[in-house]
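The values are calculated or read from the model by the stated rules, or taken from the named source; none is laboratory data. Note that the structure is a prediction, hence the values are computed from the model and not measured. Heads up, the Cβs are rebuilt from the backbone with ideal geometry, glycines too, and the neighbour counts pull from every protein chain shown. Just so you know, the surface numbers come from the protein's heavy atoms only, side chains and all, with ligands and any DNA or RNA stripped out. Shrake-Rupley method; radii C 1.70, N 1.55, O 1.52, S 1.80 Å.
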Amino acid sequence: MPLAIFDLDNTLLAGDSDHAWGEFACELGLVEAASFGQRNDAFYRDYLEGQLDIQAYLRHALAPVARQSVEQAALWHRQFMAEKVEPMILSAGLALIEQHRQRGDTLLIITATNRFITAPIAERLGVEHLLACDVEIRDGYYTGEPLGTPTYAEGKVVVLRDWLARTGHELAGSCFYSDSHNDIPLLEVVARAVAVDPDPRLRAHAEARGWEIISLRD
C-alpha cells in the first residue's frame with residue numbers, strides 16, 4: 001500500500017504542539033516560567049530559521065517531565081490535549097487523512113516533536129504509524145534525555161529509511177505533506193511532495209520544483 005506521510009506541526013495542526021507544550025508547562029508551574037518561556041521562544045525562532053540545535057531543544061522540551069513518572073506525565077498530557085491541542089486540529093487535515101485512509105494508503109506521521117507529546121496526538125488523528133524523536137524512560141520515569149537519531153531535517157530521511165527496511169514498506173507511490181523548509185530533504189525523496197501552507201522558504205522551493213501547494217486552514 002502506498003505511504004501517505006504527514007508532518008504534524010503547522011501541517012495537520014494550526015500551530016506547533018512542541019512550542020505549545022512549553023507554554024503549557026509554564027502555565028502549569030512545571031518549570032520556572034520566565035526563563036523557560038524565553039528559551040522556548042528562542043528555540044522556536046531557531047527552528048523557523050533552520051538553525052535549531054535539536055539535541056539541546058529536545059532536552060529543553062523534556063525538562064518538565066524529567067524525573068516524573070509516566071503516569072503523572074500522562075495526566076498532564078491529557079489536560080494539554082484538551083486545552084492546547086484540540087483547538088489546533090484542522091478539520092481539513094482530518095479530511096485529508098480520511099481521504100488517504102479510504103484509498104487504502106498506509107498512514108504515517110513523521111515529526112521532529114518528541115514522542116511523549118506526539119503519540120497521543122497521532123492516536124487522536126487516527127494515524128497508526130508515528131516516527132518522532134524518541135525519549136528515554138527508566139523504571140517507569142522519564143529521564144529527560146532523547147534517544148536515537150532525531151527525526152529532524154535530514155534525520156527524518158535517515159529514520160524513515162530505517163523504518164522502511166524494518167517494515168517492508170517502500171517509497172514508490174508515496175506522498176509527503178509538510179509546511180516547513182526543514183523538511184525539504186524528505187520532500188525531495190518521496191514520489192509526490194506537497195507543500196501545505198508553506199513557510200516562505202519552502203514555498204519558493206516548491207514553486208521552483210513544481211510541487212503542489214495546498215492549504216488546510218479553515
- Task: Of the conditions (1) outside any helix (DSSP H, G or I); (2) touching a His at 6+ places or on another chain (Cβ under 8 Å); (3) buried (at least 16 other Cβ atoms within 10 Å of the Cβ), Ile5 clears all except one; give me its number.
- Result: (2)
- Message: For region 46-80, give me each residue that is outside any helix (DSSP H, G or I) and open to solvent by less than 30 Å² (accessible area, probe 1.4 Å).
- Response: Leu52, Ala66, Ser69
- Please work out if Arg201 is open to solvent by 30 Å² or more (accessible area, probe 1.4 Å), touching a helix residue (DSSP H, G or I) at 6+ places or on another chain (Cβ under 6 Å) and of a type in the set (Lys, Arg). yes
- Residues being part of a loop (DSSP other than H, G, I, E, B) and either of a type in the set (Asp, Glu) or open to solvent by less than 50 Å² (accessible area, probe 1.4 Å) (or both) - total across region 101-156: 11
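Does region 81-99 include one or more residues that are in a helix (DSSP H, G or I), in contact with a Pro (Cβ under 7 Å, 6 or more places away or on another chain) and at pLDDT 95 or above?
Yes, the conditions are met somewhere in region 81-99.
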- Kindly check whether there is at least one residue in region 157-171 that is surrounded by 16 or more Cβ atoms within 10 Å (Cβ to Cβ) and among the basic types (Lys, Arg). no
